[in-house]
Every structure is written in structure tokens, then in C-alpha cells.
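Asker: The structure that follows is given in the form of C-alpha cells.
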Amino acid sequence: MPRALITGGAGFIGSHLCGLFLDRGWEVMAMDNLLTGRLDNIAPFFPNERFTFIKHNVTNYIHIEGDLDAILHFASPASPIDYLELPIQTLKVGSLGTHNALGLALAKKARLLLASTSEVYGDPLVHPQREDYWGNVNPIGPRGVYDEAKRFAEALTMAYHRTHGVDTRIVRIFNTYGPRMRIHDGRVIPSFFGQAIRGEPLTVYGTGDQTRSFCYVDDMIEGIYQLLQSDYHDPVNLGNPQEFSILEIAEKVKSVAESAVTIAYKPLPVDDPKVRQPDISLAQKILGWTPKVDIDEGLRRTRAYFVEQIAHERAAAANDPGKKGGEQG
Ligand code: UDP
């Protein structure tokens with residue numbers, strides 16, 4: 001039976017990957033320090049005897065007994081407010097954490113897949129973004145802690161591949177959404193859903209003309225699985241190329257949540273990219289992969305999860321009148 005270690009396994013994409021690998025017959029070890037990951041995300045897997053959870057910070061040496069076939073390195077704060085609050089942890093997990101994961105891959109002769117990001121392109125001057133674009137990143141801006149950590153992680157991964165022959169893959173993940181995102185993680189889709197369900201105005205940063213392209217999580221994890229099975233070592237973009245302005249996303253969330261709330265305009269965060277859209281022709285060519293779930297369908301599939309999260313939040317606030325709601329789990 002193949003055996004995988006998934007770092008960041010209790011996070012949003014990490015926990016969905018755990019489910020997919022279990023479904024496909026793997027033994028799965030999820031490793032997470034629960035800084036931004038949550039046990040709720042992996043609770044459904046606890047009864048499965050092929051699943052193990054290890055609480056560990058991958059910035060420290062990683063010890064695993066026995067053989068390993070694959071390491072999927074997904075540990076990192078990944079939402080702008082998380083990495084603004086956790087700048088040093090973000091830099092450490094991208095650098096020291098990636099070094100430890102690569103060292104483990106070398107020792108175990110395991111394949112390693114690095115979760116990189118569209119943030120390596122920064123505020124892009126080329127649109128849509130192809131893998132051969134080197135990006136436009138402010139190294140010392142507030143987002144630089146994430147962008148540069150992931151750029152370093154890519155450099156280190158290619159160095160381990162070229163120097164030690166480690167069998168590596170690099171996925172550049174564009175905006176992804178779906179169930180298990182934290183409703184307070186600050187990213188636009190959970191924020192808008194939370195606000196729409198609570199009946200609060202949707203906070204649009206800047207003019208709302210900036211664009212993003214959103215991929216439903218089931219499409220993303222299928223692409224990641226296929227990339228791991230491929231023999232391609234250079235970075236590969238995965239995402240859904242359907243591009244929307246943030247104002248269009250606000251309208252779509254209002255419609256799916258059946259909410260008539262207004263828009264509240266807020267200042268645009270520093271270095272917020274003006275546009276983002278993946279060119280996925282490489283993934284289509286080498287993997288035959290293409291996302292299947294469009295934004296309207298994906299938002300419909302996501303809605304029930306956020307409704308449930310808000311219900312938990314309200315129940316918790318009702319049990320503790322001093323608390324008006326907040327982070328769950
Ligand atoms: N955004 C917004 N309102 C929010 C949260 C985000 O208008 O409540 C905007 C943000 O400024 C950015 C886009 O939505 O232009 C996507 O932000 P997110 O944090 O989801 O991810 P990013 O793509 O910036 O990493």
C-alpha cells in the first residue's frame with residue numbers, strides 16, 4: 001500500500017488531499033501544528049485505520065518511522081491576513097520547513113510535491129500568468145513574507161532535484177475555494193459568505209475592479225494528484241482560468257446566499273495584485289487536466305458549509321453571552 005505524508009494535512013487543501021489519497025487506497029499521515037489548520041477538517045478520517053494524525057511543526061526536524069512513497073508539502077499560513085499576522089512563521093515554514101521536507105524525501109527516497117502559489121508572480125505585469133513569467137514581487141512588502149518564502153521553496157526544491165536527484169513536483173496553486181475554509185480567514189469568498197449569511201455589508205477592498213480566478217477545491221486536488229503521478233519537475237500552474245472582478249464575485253455570493261446586503265468599500269491592502277488568471281495550457285498538455293466546476297456551481301456547493309459554520313458561531317455566542325461570535329475550532 002503506498003504511503004503519503006501530507007504536511008499541512010489539517011488545513012483547507014491539505015485535508016481535502018487526505019480524503020482523496022484515502023479514497024485512492026493510500027495510507028495517509030497528516031502532519032500539522034494546528035496554527036491555521038483545524039482538527040475539525042480531518043475528524044471524518046479518524047475512524048479510518050489507514051489515517052494517522054501527527055501534531056508537529058515542520059520547521060523542526062521531521063522524524064517518520066518506516067517507508068514513505070510521497071510527501072506533499074502543504075504546511076503554511078496561506079491567507080493574506082494569516083501571513084500578515086504570522087510573518088516569521090510563514091518565512092520559516094517556507095524555508096526551514098521545506099528544507100526538512102526535502103531532507104526527509106532524500107532519506108526515504110520519496111517523491112516530494114511542493115505546494116507553491118500564484119503569489120510567486122506578485123502583482124503580475126504579464127496576463128494571464130504562464131509558468132515562464134518570473135513575476136513582479138515586492139520582497140520587503142507585507143505580502144513578501146509569503147511570496148519570497150514560496151519562491152525560496154521552489155528554488156530549494158529544484159536544487160534538491162538537480163543536486164541530489166530527489167523526485168520533485170511543484171504546483172503553483174491559484175485562488176481555490178470550497179468547504180473547510182475558515183470563515184474568518186480573511187479570504188474573499190469566506191468573508192463574503194460570512195457577511196451575506198449574517199446580513200452584513202460585503203467588504204470590498206479598493207474599487208472591486210481587481211480580478212481573481214477561482215478554482216473549486218475538488219478540481220484542484222484532482223490536478224495535484226495527477227501532477228504527482230506525472231514525471232514533470234518544473235512548476236505547473238493549477239487553477240480555473242475563469243476570471244472575475246471582486247465586485248462580480250460579491251454579486252454572485254449575494255445571489256447564491258439569497259442575501260440583499262449592500263457593499264461597504266474598504267481600503268485596498270498594500271501590494272494587492274490588480275489581476276490574476278492562470279494560463280493552464282501546460283497542465284492541460286502534460287496532465288490532460290482541466291477544471292470542471294464553474295464558479296456558480298462551486299459557490300452553490302460551498303454555501304451549506306458556511307451556513308453551518310455561522311450556525312455553530314451563533315450557538316456558541318448564545319451559550320456564552322459575553323462572546324459575540326468569532327473563530328471556531
Ligand atoms: N478582498 C475584498 N474583500 C474581502 C477580502 C478580500 O475585496 O473581504 C479582495 C482582496 O483585496 C483581493 C481579492 O479580494 O483583491 C482576493 O483576496 P483574497 O484575500 O481572497 O486572496 P488573494 O488573491 O489576494 O491572495
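The values are calculated or read from the model by the stated rules, or taken from the named source; none is laboratory data. All values reported here derive from a predicted model rather than from experimental measurement. Positions of Cβ are generated from backbone atoms using ideal geometry, with glycine treated the same way; all protein chains shown enter the neighbour counts. Areas reflect the complete protein model, heavy atoms only, side chains present, ligands, DNA and RNA absent. Shrake-Rupley method; radii C 1.70, N 1.55, O 1.52, S 1.80 Å.
Asker: For the chain, what is the percent of antiparallel DSSP beta bridges, rounded to the nearest 5?
Answerer: For the chain, the DSSP antiparallel bridge percentage is about 10.
Asker: Counting Lys and Arg as +1 and Asp and Glu as -1, each charge on the Cβ, what is the dipole of the chain about the Cα centre in debye, to the nearest 20?
Answerer: That gives a dipole near 300 debye.
Asker: How would you classify region 135-187 from its alpha-carbon gyration tensor, with a ≥ b ≥ c the square roots of the eigenvalues: rounded for a/c under 1.5, else prolate if a/b is greater than b/c, otherwise oblate?
Answerer: Oblate.
Asker: Non-local amide H neighbours of Gln129 (under 5 Å, H modeled in plane, Pro and chain starts lacking H): which ones?
Answerer: Long-range HN contacts for Gln129: Gln277, Asp279.
Asker: Related question: Only four residue types carry charge here, +1 at the Cβ of Lys and Arg and -1 at the Cβ of Asp and Glu. Report the dipole size of region 79-131 about the Cα centre in Debye, rounded to the nearest 20.
Answerer: Using only the charged Cβ atoms, the result is roughly 480 debye.
Asker: Want the number for Arg50 to Glu222: 0.36 nm per residue separation, take away the alpha-carbon distance, what's left?
Answerer: Full extension of this stretch gives 59.9 nm more.
Asker: Below 13 Å, Cα to Cα, which aspartates and glutamates can Lys150 reach? Residues fewer than 8 away in the same chain don't count.
Answerer: Candidates past the 8-residue exclusion: Glu119.
Asker: Separate question: Sort Val137, Val204 from largest to smallest accessible area, using a 1.4 Å probe on the heavy atoms of the protein chains.
Answerer: Val137, Val204
Asker: Taking the chain as a Gaussian network, Cα atoms linked when under 10 Å apart, which of Arg300, Arg143, Arg180 shows the biggest mean-square fluctuation?
Answerer: Arg300
Asker: So, R0 is 51 Å and r is the distance between the beta-carbons of Asp167 and Thr203; what FRET efficiency does that work out to, to 0.05?
Answerer: My answer for the efficiency is 0.70.
Asker: If you don't mind, another one. Rank Asn175, Asn240, Asn319 by mean-square fluctuation in a GNM of the chain with C-alpha springs under 10 angstrom and give only the top-ranked residue.
Answerer: The residue with the greatest mean-square fluctuation here is Asn319.
Asker: Checking the cross-link filter: which lysines have an alpha carbon closer than 21 Å to that of Lys55, excluding same-chain neighbours under 8 positions apart?
Answerer: List returned: Lys92, Lys108.
Asker: Still on this structure, I have one more. Give, in nm to one decimal, the length gained when the segment between Gln229 and Phe244 is fully stretched (0.36 nm per residue of separation minus the Cα-Cα distance).
Answerer: 2.3 nm
Asker: Let me ask another. How far, in degrees from 0 to 90, does helix 246-256 lean away from the longest principal axis of the Cα atoms of the chain, to the nearest 10?
Answerer: 70 degrees
Asker: Same structure, new question: By the gyration tensor of its Cα atoms, with a ≥ b ≥ c the square roots of the eigenvalues, what is the shape of region 240-307: rounded for a/c under 1.5, prolate for a/b over b/c, or oblate?
Answerer: In terms of gyration-tensor shape, oblate.
Asker: Once the Cβ-Cβ distance between Tyr305 and His127 is put in as r, and R0 is 45 Å, what FRET efficiency do you end up with, to the nearest 0.05?
Answerer: E between Tyr305 and His127, to the nearest 0.05, is 0.90.
Asker: Could you work out how far apart the two model spin labels at Leu39 and Ala155 are, taking each label as a point 7 Å from the Cα in the direction of the beta carbon, and quote it in nm?
Answerer: For Leu39 paired with Ala155, the spin-label model returns 3.9 nm.
Asker: Angle check, please: helix 217-229 long axis (alpha carbons) against the longest principal axis of the chain (alpha carbons), in degrees 0 to 90, nearest 10.
Answerer: Relative to the chain, helix 217-229 is tipped by roughly 10 degrees.
Asker: Quick one: Cα centre-to-centre distance for region 17-60 and region 82-120, in angstrom?
Answerer: When both Cα centres are located, 17 Å separates them.
Asker: Less than 16 Å apart at the alpha-carbon level, and either on another chain or at least 8 residues along: which lysines does that give for Lys285?
Answerer: Output for Lys285: empty list, no partners.
Asker: Assign one of three labels to region 72-126, namely rounded, prolate or oblate, based on the Cα gyration tensor with a ≥ b ≥ c the square roots of its eigenvalues; rounded applies when a/c is under 1.5, prolate when it is not and a/b is larger than b/c, and oblate otherwise.
Answerer: oblate
Asker: If one takes the longest principal axis of the Cα atoms in the chain, at what angle in degrees, from 0 to 90 and to the nearest 10, does the Cα axis of helix 295-319 lie?
Answerer: Computed tilt is about 70 degrees.
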